[in-house]
1. After finding the eigenvalues of the alpha carbon gyration tensor for region 1-50, what semi-axes result from the square roots of 5 times each, listed largest first in whole Å?
2. Applying the Karplus parametrisation 6.51 cos²θ - 1.76 cosθ + 1.60 with θ = phi - 60° to the phi angles of region 96-111, what ³J(HN,Hα) value in whole Hz is obtained for each residue in order, glycine and proline being reported as x?
3. Kirkwood Rh, the chain, all Cα pairs: how many Å?
4. Which cross-chain or sequence-distant (5 or more) residues have an amide H under 5 Å from the amide H of L116, H modelled 1.01 Å from N in plane?
5. In sequence order, what are the phi-derived ³J(HN,Hα) couplings for region 64-75 according to the Karplus relation 6.51 cos²θ - 1.76 cosθ + 1.60 with θ = phi - 60°, rounded to whole Hz, with x for glycine and proline?
6. Would you give the gap between the C-alpha center of region 9-66 and the C-alpha center of region 79-122, rounded to a whole Å?
7. Search the structure for amide H atoms under 5 Å from the amide H of D46, placed 1.01 Å from N in the peptide plane, and list their residues when 5 or more places away or on another chain.
8. I need the trypsin sites (Lys or Arg not before Pro) found in region 22-75, filtered to DSSP loop residues with at most 14 other beta carbons within 10 Å of theirs.
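Each value in this text was obtained by applying a stated rule to the coordinates, not by laboratory testing. Here the structure is a predicted model, which means the values were calculated and not measured. Counting neighbours? That spans all protein chains shown, and the Cβs are built from the backbone with ideal geometry, glycine included.
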Amino acid sequence: MALGPIYAVRIFVTDLDKARPFYDSLGYEQVNASDDFLIYRTGSADLIIERADPGNTDEADLIGRFVGASFAVGDVKQACRTLENLGVAIDSPPERQPWGGMLAHIRDPDGNVLTLVEVPDT
């Protein structure tokens with residue numbers, strides 16, 4: 001048996017109103033929303049931004065961490081410039097990797113770190 005493709009990636013934040021401008025700036029279409037979540041269609045898997053309560057010890061550890069999700073971009077340097085002009089914090093600037101690609105990290109208002117990846121031409 002093989003599992004199917006990734007359906008969604010969930011990222012936890014304290015305040016959806018504060019998170020919305022950041023996630024809107026990534027350029028994905030918002031397809032659903034409530035008082036507890038935002039859902040963006042990325043083309044392959046949905047990105048779910050979910051409200052978590054920092055006062056709840058089970059939920060607090062989910063906020064402000066390295067997410068471990070990589071978002072493909074054609075030109076990571078240009079993507080960082082564009083996002084920075086929109087007010088997005090660049091956590092680590094583009095850097096060439098030993099495998100030939102480039103990585104950069106951005107940080108949302110709650111401190112969640114997302115990875116931008118430029119894959120080398122093959």
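1. 22, 12, 8
2. 5, 9, x, 8, x, x, 10, 10, 9, 10, 10, 10, 7, x, 8, x
3. Averaging 1/r across every pair of different Cα atoms and inverting gives 15.2 Å.
4. Hits under the 5 Å cutoff: F71, A104, H105, I106.
5. x, 9, 5, 6, x, 10, 10, 10, 6, 9, x, 9
6. Region 9-66 and region 79-122 have Cα centres spaced 19 Å from each other.
7. Under 5 Å from the amide H of D46: A8, V9.
8. R65
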